[in-house]
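Asker: One structure follows; several queries about it will come next.
Every number here is computed from the coordinates shown, using simple stated rules; none is lab data. Bear in mind that the values here come from a model prediction, so they are computed numbers and not experimental data. A quick note on method: Cβ atoms are made from the backbone with ideal geometry, for glycine too, and the neighbour counts reach across all protein chains shown.
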Amino acid sequence: MERTLILLKPDCIHRRLMGRIIARFEEKGLNIIGMKMMQVTPELSRRHYAEHVNKPFYPGLEAFITASPVVAMVLEGLEAIRVVREMLGKTNGLQASPGTIRGDFSSSRQMNLVHASDGPEAASREIDLYFRANEIHPFALTLTPWLRAGDE
């Protein structure tokens with residue numbers, strides 16, 4: 001099992017798309033093992049996007065991600081990082097394929113509804129930024145035998 005951090009960004013919240021996007025993750029068979037609504041502070045934004053802080057676009061990114069609450073989630077599943085990123089589609093919603101979350105609901109590069117970790121190291125670091133250990137609750141999904149063969 002692999003874990004990834006998901007942020008439903010401010011545009012997702014304001015457009016009232018949270019339920020539809022969460023449903024897609026659940027329908028795919030991913031477990032939500034942590035979830036909370038929270039306000040991203042400028043400090044948390046700088047820690048999360050540390051590699052971008054000195055880039056010219058960062059002030060706009062920080063203003064966007066701190067503009068209103070986000071929903072932070074930890075998803076768990078087989079190849080969760082790759083699966084989620086494929087479900088999201090390309091970063092720019094105008095370039096994302098129909099059927100992906102961004103392809104269906106976004107027409108922007110920045111306002112692209114959802115952040116997802118891009119690799120195992122990033123997932124571990126990002127999960128630690130947003131969740132304490134006692135806020136993550138793994139559980140055995142009872143329908144797992146109906147989602148994939150036992151040897152997968």
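Asker: Using Cα-Cα distances under 8 Å and only pairs 6 or more residues apart, what relative contact order does the chain have, in percent?
Answerer: 35 percent
Asker: Full extension from Met111 to Arg20: what is 0.36 nm times the residue separation minus their Cα-Cα distance, to one decimal in nm?
Answerer: Details: separation 91, 0.36 × 91 = 32.76 nm, distance 1.67 nm.
Taking 0.36 nm per residue and subtracting the Cα distance, the gain is 31.1 nm.
Asker: Rounded, prolate or oblate: which fits region 16-148, taking a ≥ b ≥ c as square roots of the Cα gyration tensor eigenvalues, rounded meaning a/c under 1.5, else prolate when a/b beats b/c?
Answerer: Values: a/c = 1.90, a/b = 1.28, b/c = 1.48.
It is oblate, given that a/c is not under 1.5 and a/b is not larger than b/c.
Asker: Still on this structure: Report the label-to-label distance for Met38 and Glu86 in nanometres (one decimal), using points 7 Å from each Cα along the Cα→Cβ vector.
Answerer: 3.0 nm
Asker: When only DSSP loop residues count, what chymotrypsin sites (Phe, Trp or Tyr not before Pro) in region 60-152 have their Cβ near at most 14 other Cβ atoms within 10 Å?
Answerer: For chymotrypsin sites (Phe, Trp or Tyr not before Pro) across region 60-152 that sit outside H, G, I, E and B with at most 14 neighbouring Cβ atoms in 10 Å, the list reads Phe139.
Asker: Assign unit charges at the C-beta atoms only (+1 for Lys and Arg, -1 for Asp and Glu), then state the dipole size of region 2-141 relative to its Cα centre in Debye, rounded to the nearest 20. Don't jump to the answer; show the numbers that get you there.
Answerer: Values: 18 positive and 16 negative charges, 80 e Å.
Computed about the Cα centre, the dipole is about 380 debye.
Asker: Angle check, please: helix 120-130 long axis (alpha carbons) against the longest principal axis of the chain (alpha carbons), in degrees 0 to 90, nearest 10.
Answerer: The angle comes out near 70 degrees.
Asker: Need one number: nm distance between label points at Lys28 and Ser68, each 7 Å from Cα along Cα→Cβ, rounded to one decimal.
Answerer: 2.4 nm
Asker: A further question on this structure: Once the Cβ-Cβ distance between Glu152 and Leu61 is put in as r, and R0 is 41 Å, what FRET efficiency do you end up with, to the nearest 0.05?
Answerer: 0.60
Asker: On to the next question. Using only Cα atoms, tell me the angle between helix 18-28 and the longest principal axis of the chain; keep it within 0 to 90° and round to the nearest 10.
Answerer: Between the helix axis and the principal axis of the chain, the angle is about 40 degrees.
Asker: What distance in nm lies between label points placed 7 Å from Cα along the C-beta direction at Ser97 and Phe139?
Answerer: 3.3 nm
Asker: Before anything else, pin down the relative contact order of region 1-81: Cα pairs under 8 Å, at least 6 apart, normalised by residue count, whole percent.
Answerer: Details: 108 pairs, mean separation 48.4, N = 81.
After rounding, I find 60 percent.
Asker: Okay, next question. As a test of the formula, what do you get for the chain when each DSSP H run with n ≥ 4 contributes -39,500 (n - 2.57) and the sum is divided by the residue count, at 222 nm and rounded to the nearest 500 deg cm²/dmol?
Answerer: Values: 7 runs with 56 residues, N = 152.
Mean residue ellipticity, 222 nm, calculated: -10000 deg cm²/dmol.
Asker: Mind jotting down the distance between the C-alpha centroids of region 37-56 and region 113-144, whole Å?
Answerer: 18 Å
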